[in-house]
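Q: Input: one structure, supplied below.
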Number of protein chains: 4
Amino acid sequence: MTQVSKSIDGAQDLGPDYADLDSAVAVDLVAANHILAHNGVLDSFGHVSIRDPRNPNQYLQIQAIAPRDAAISDLITFDLDSNAINARGRPINRERFIHGQIYKMRPDVKAVVHSHSPTVIPFSVTEKPLRAIFHNGHFLGQGTPVWEIRDHAGEQNNMLVLNNELGRSLAEKLGKGSVVLMRGHGNAVAGPDLKTAVFRAIYTEVNAKLQMQAVMLGGPVNFLNEYEQQKLQNVDRPWDTWKKQVGAV
Amino acid sequence: MTQVSKSIDGAQDLGPDYADLDSAVAVDLVAANHILAHNGVLDSFGHVSIRDPRNPNQYLQIQAIAPRDAAISDLITFDLDSNAINARGRPINRERFIHGQIYKMRPDVKAVVHSHSPTVIPFSVTEKPLRAIFHNGHFLGQGTPVWEIRDHAGEQNNMLVLNNELGRSLAEKLGKGSVVLMRGHGNAVAGPDLKTAVFRAIYTEVNAKLQMQAVMLGGPVNFLNEYEQQKLQNVDRPWDTWKKQVGAV
Amino acid sequence: MTQVSKSIDGAQDLGPDYADLDSAVAVDLVAANHILAHNGVLDSFGHVSIRDPRNPNQYLQIQAIAPRDAAISDLITFDLDSNAINARGRPINRERFIHGQIYKMRPDVKAVVHSHSPTVIPFSVTEKPLRAIFHNGHFLGQGTPVWEIRDHAGEQNNMLVLNNELGRSLAEKLGKGSVVLMRGHGNAVAGPDLKTAVFRAIYTEVNAKLQMQAVMLGGPVNFLNEYEQQKLQNVDRPWDTWKKQVGAV
Amino acid sequence: MTQVSKSIDGAQDLGPDYADLDSAVAVDLVAANHILAHNGVLDSFGHVSIRDPRNPNQYLQIQAIAPRDAAISDLITFDLDSNAINARGRPINRERFIHGQIYKMRPDVKAVVHSHSPTVIPFSVTEKPLRAIFHNGHFLGQGTPVWEIRDHAGEQNNMLVLNNELGRSLAEKLGKGSVVLMRGHGNAVAGPDLKTAVFRAIYTEVNAKLQMQAVMLGGPVNFLNEYEQQKLQNVDRPWDTWKKQVGAV
């Protein structure tokens, strides 16, 4: 598990670009970076974003640094074609198109996580779908789709979502779901709010571990049924304790 | 493994509701929350309770927050129908009926743990029973029962134990045993005292890991026999060191 | 992994019983307790001992507390029948006969570890022997014996080595080897000095993990041959850094 | 995971031997030792080296201590036959010939890591090659070679690379690749610079875990193809955050 070493100070100045942004929103986005790193979902790579509460045609993400090093001053605004509006020379994530295209196609989505969540990747290169095996993984339903970049960029691809076309095909594969796997790469998670997206990213990894262990035990696996997968989820309780764990207040 | 960040101060005022409660009992219950989180049995969810030493028709549990954040001031008293007696607006665990119904049916039980202990869940959705594979898992005996909520709430259930009827059917499935698995959800552990219940919750997880590894190695597994499962267990030694680990004195 | 929270102070008074004992020896024995806990070999249970350098018919072990809580003042001397010479009311380990009987039968052995080292236990209840799979596990040779308590105490046994007769049968099963597994319980490790015994206890666990993974990968496994298992082992380098890790100097 | 307890101070005096060496280079080499220990690639053993930027016929490595204890004052210079130039009585790694011979045969290589990276070892004793299963393991290509010491030193070998002849045969097995496995022992990783070698050493372990899990899930595994394995890798971002994690600046 990664170690979160920076405290997150909500009182820190957001600067003129974000004078009209609720500072609690910014703190939560920074905290989400730390939480996802602390829980082993994000390593040095991967990113989390929120739809801009001030303008639904924009999203917010930190500059291209390791998530566990995120600070308030790292915020950058993007339009939905993933053009940076205020990068000012700071590096931006090359795969940001994942975020922009999901926001474009899914008005209901307010937060997106792209990760290399480790136990999920094996499900992207084998044939058994990742499915809801316990109640906190309910949002995975009867199976998550796998996006194969070769179907869109051909055999000679570079594995990454480096433009809007690839981002759009990934968003289409996600469809109305919560999670889409990316073959030999990772996954993308969508949520109606930041807390839910973070919860889903973490419990996608947990569910993958449980499913792998069930496969090892052998025999048929008793997955959640179509009704059970609709379980309402309390995400406030884990969010509150995760924030404490990474030193956010 | 979760990190326990709060120290537990036995000298803290318990307030008027608990003026007649031995403060060491309260400290131990708070410590149990931290111990179970620290040992990876409880995550943000799950709960532990004790039968009220002042009145066997009551039990004590913290309010509905993450166990690793538990403090003395979080204590709430419930009757055995799981009505809160002194919540005063604090949130209470929706699945508290697990506790109340086990206390009702089992006068010998003085402490209950409900968890999503990770390695145990795969045994609840596959066909091999979780069994005592090493001496410290002796209390699992020749196999633990699995409670299937569909048998009681139908295919259209919400996976949770949200009322006394479901709690009672779970307690019946537990029977005279120490542990009952809940399909696709978690497990409930009962003990004659808090230390033993905590010991069993932690070693249920350890036993599950060992059994899974034995299955991976292949071939027949040599489980404990019916005599060996009756081993007397020293629980004071692990309890003492676990309390030190979480900063309780 | 357990957390070692106590520093180990070699300058601490050993008391009159140990006035003639090199304090560095005592510090190393206490450090070994912490090292084995820190490396996940010992949990709340298990014990490590050394043959008394002042008298080969005695051995030294801490009182019956969790190894990670060991301090210099916890030392107790035993004769080889495992009678405590200076317990003075302190609790002693019920399975100390493992140590006494190995020292009796094996004059070359100067240190013994008994643990529930987790990945080793599955090899004690299945049919594939634990064998040297990589160079640092060389001392495991072509396979470790498994001691079955039922062969000595019958089906109605209590799983523990609670007397000299059982200890002797365990020592006989160990024979001239370094490690003997105890079915459904743990293992015992012997070494020509404390550093080597600690090294072997830790690398028995590492070797077990590697062997389990090799089994999962499938196909025949290429184990060390009979010449390779005789590799000379540098144990000073890991010992020095392990001592630093647990705060011993 | 090991704990890095020493901070790394770039301002520390390098001494007269390294008056003409950029101190940032020395700090990075020390940091690499800590990073590889912190990420579980190096335990008490293993070593990392860089080709001397002042003289391509030399390489730099710390004295033979545990990597997590490395300090600036531990630096030693070797020629490519692995003779120490300025050891001054300090112990040197017995298997340093791995480094010298790879630098000799591969002018493009500027950094080498030799480790017992745990999940990689099982691939060295079984028959499925370790292959690139996800984008960050691209450098593993269509399979890594396995060096069998018995082919060079016979059945009566001591498992270690203790001379230039064995080092040369290992370097030949590496060929033009990035990683070579050593049967029942570990692996060697080569890179065009230190950051890349460290990245590869860490992601070789990650890739091995993913591949093992994919094997457990069963069925055919969809590995990276020959074009995808050429992916350009950003190593600055993980390097920057890893350095922060171990306290290097």
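Q: Relative to the isolated chain, which residues of the stretch A:132-146 have their accessible area cut by 20 Å² or more in the presence of all protein chains (1.4 Å probe, heavy atoms, no ligands or nucleic acids)?
A: A:Ile133, A:Phe134, A:His135, A:Asn136
Q: So if the hydrodynamic radius of the stretch A:209-249 is defined as the Kirkwood radius over C-alpha pairs, what does Stokes-Einstein give as its diffusion coefficient at 10 °C and 1.306 mPa s, in µm² per second?
A: For these conditions, the coefficient is 119 µm²/s.
Q: If you don't mind, there's one more thing I want to ask. Order these peptides, C:204-212, B:79-87, by their mean beta-carbon neighbour count within 10 angstrom, highest first.
A: Ranked by mean Cβ neighbours within 10 Å, highest first: C:204-212, B:79-87.
Q: Given the rule -39500 (n - 2.57) for each run of at least 4 DSSP H residues, summed and divided by the residues of chain C, what is its mean residue ellipticity at 222 nm, to the nearest 500 deg cm²/dmol?
A: -9500 deg cm²/dmol
Q: With +1 on each Lys and Arg Cβ and -1 on each Asp and Glu Cβ, how big is the dipole of chain B about its Cα centre, in debye rounded to the nearest 20?
A: 380 debye
Q: Rolling a 1.4 Å sphere over the protein heavy atoms, what is the accessible area per residue of the protein assembly as shown, to the nearest Å²?
A: 35 Å²
Q: Here's another thing I want to ask about it. Please compute the Kirkwood hydrodynamic radius over the protein assembly as shown, one decimal place, Å, based on all pairs of different Cα atoms.
A: Across the protein assembly as shown, the inverse of the average 1/r is 29.9 Å.
Q: Gap in Å between the Cα centre of the stretch C:181-249 and the Cα centre of the stretch C:55-109?
A: Here the answer is 23 Å between Cα centres.
Q: Of B:Lys231/C:Lys244; A:Lys176/D:Lys243; B:Lys195/C:Lys176; B:Lys209/B:Lys231; C:Lys176/D:Lys128; A:Lys209/C:Lys244, which ones are farther than 29 Å apart at the Cα?
A: B:Lys231/C:Lys244; A:Lys176/D:Lys243; B:Lys195/C:Lys176; C:Lys176/D:Lys128; A:Lys209/C:Lys244
Q: How large is the Kirkwood hydrodynamic radius of the stretch B:4-98, in angstrom, based on all distinct alpha carbon pairs?
A: Kirkwood radius, the stretch B:4-98: 13.4 Å.
Q: If R0 is 45 Å, what FRET efficiency do you get for A:Val249 and D:Gln142 from their C-beta distance, rounded to 0.05?
A: The value I calculate is 0.35.
Q: In nanometres, what is the gap between the two model label sites at A:Lys176 and C:Glu165, each 7 Å from Cα along Cα-to-Cβ?
A: With each label point 7 Å from Cα toward Cβ, the separation is 7.2 nm.
Q: Right, another one. Specify which residue in the list D:Val206, A:Gln245, C:Ala71 is farthest towards the positive end of the charge dipole of the protein assembly as shown, using unit charges on the beta carbon of Lys, Arg (+1) and Asp, Glu (-1), about the Cα centre.
A: It is D:Val206.
Q: Can you give the log10 of the normalised intensity I(q)/I(0) at q = 0.12, 0.20 Å⁻¹, computed with Debye over equal Cα scatterers of the stretch C:47-173?
A: With one equal scatterer per Cα and no solvent, log10 I(q)/I(0) is -0.51, -1.25.
Q: As a test of the definition: with a 1.4 Å probe, what buried accessible area, both sides summed, do you compute for D against C, in Å² to the nearest 100?
A: Accessible area lost upon association: around 2900 Å².
Q: Give, rounded to the nearest 20 debye, the magnitude of the charge dipole that the stretch C:133-249 has about its Cα centre when Lys and Arg contribute +1 at Cβ and Asp and Glu contribute -1 at Cβ.
A: Dipole size: approximately 320 debye.
Q: Return a whole-number percent for the relative contact order of the stretch B:63-160, with Cα pairs under 8 Å and 6 or more residues apart as the contact set.
A: 15 percent
Q: Per 5 Å bin from zero, what fraction in whole % of the C-alpha pairs of chain D is there, up to the bin with the longest pair?
A: Over chain D, the share of Cα pairs per 5 Å bin runs 1, 7, 14, 19, 20, 17, 12, 6, 3, 1, 0, 0 percent.
Q: Add +1 for every Lys or Arg and -1 for every Asp or Glu among the other residues with Cβ under 10 Å from the Cβ of B:Ser73, and state the total.
A: Taking every other residue near B:Ser73 into account, the sum is -1.
Q: With the full set of protein chains in place, find how many percent of the accessible area of the stretch A:181-249 is carbon and sulfur; take the probe as 1.4 Å.
A: Roughly 52 percent of what the probe reaches on the stretch A:181-249 is carbon or sulfur.
Q: Would you mind calculating the relative contact order of the stretch C:132-249 from Cα pairs under 8 angstrom and at least 6 residues apart, reporting the percent as a whole number?
A: Rounded, it is 36 percent for the stretch C:132-249.
Q: Also: Using label points projected 7 Å from each Cα along Cα→Cβ, tell me how many nm separate B:Gln230 and A:Asp20, to one decimal.
A: 7.7 nm
Q: Would you compute, for the Cα atoms of the stretch C:162-237, the largest minus smallest coordinate along each principal axis and list the three values in descending order, in whole Å?
A: Over the stretch C:162-237, Cα extents along the principal axes are 42, 31, 21 Å.
Q: Averaged over A:82-91, how many beta carbons belonging to a partner chain fall within 10 Å of each residue's beta carbon?
A: Partner-chain Cβ atoms within 10 Å, mean over residues of A:82-91: 0.
Q: Another question, then. Tell me the relative contact order for chain B as a rounded percent, counting alpha carbon contacts under 8 Å between residues six or more apart.
A: After rounding, I find 22 percent.
Q: Oh, and also: Within the stretch A:207-243, whose backbone N sits under 12 Å from a point 7 Å along Cα→Cβ of A:Lys128?
A: Correct set: A:208-223.
Q: Further, regarding this structure: Counting Lys and Arg as +1 and Asp and Glu as -1, what is the net charge of the other residues whose Cβ lies under 13 Å from the Cβ of A:Ala214?
A: Around A:Ala214, the surrounding residues sum to +4.
Q: Which Cα, out of A:Leu224, D:Gly100, B:Asn83, lies furthest along the positive dipole direction of the protein assembly as shown (beta carbon charges, K/R +1, D/E -1)?
A: About the Cα centre, the residue reaching furthest to the positive side is A:Leu224.
Q: Could you work out, residue by residue across A:216-227, how many beta carbons of other chains sit within 10 Å of that residue's beta carbon, and then give the average as an integer?
A: Mean shielding count: 6.
Q: I've got another one for you. Partner chain Cβ atoms within 10 Å, averaged over the residues of B:153-164 - can you pull that number for me?
A: 3
Q: Please give the charge dipole size of the protein assembly as shown, origin at the Cα centre, charges +1 on K and R Cβ atoms and -1 on D and E Cβ atoms. Round to the nearest 20 debye.
A: The calculation lands at about 980 debye.
Q: What is the sum of charges, Lys and Arg at +1 and Asp and Glu at -1, for the other residues whose Cβ falls under 14 Å from the Cβ of C:Gly40?
A: Around C:Gly40, the surrounding residues sum to 0.
The values are calculated or read from the model by the stated rules, or taken from the named source; none is laboratory data. From a predicted model like this one, the values you see are computed outputs, not experimental measurements. Counting neighbours? That spans all protein chains shown, and the Cβs are built from the backbone with ideal geometry, glycine included. SASA here: full protein model, heavy atoms, side chains in, ligands and nucleic acids out. Shrake-Rupley method; radii C 1.70, N 1.55, O 1.52, S 1.80 Å.
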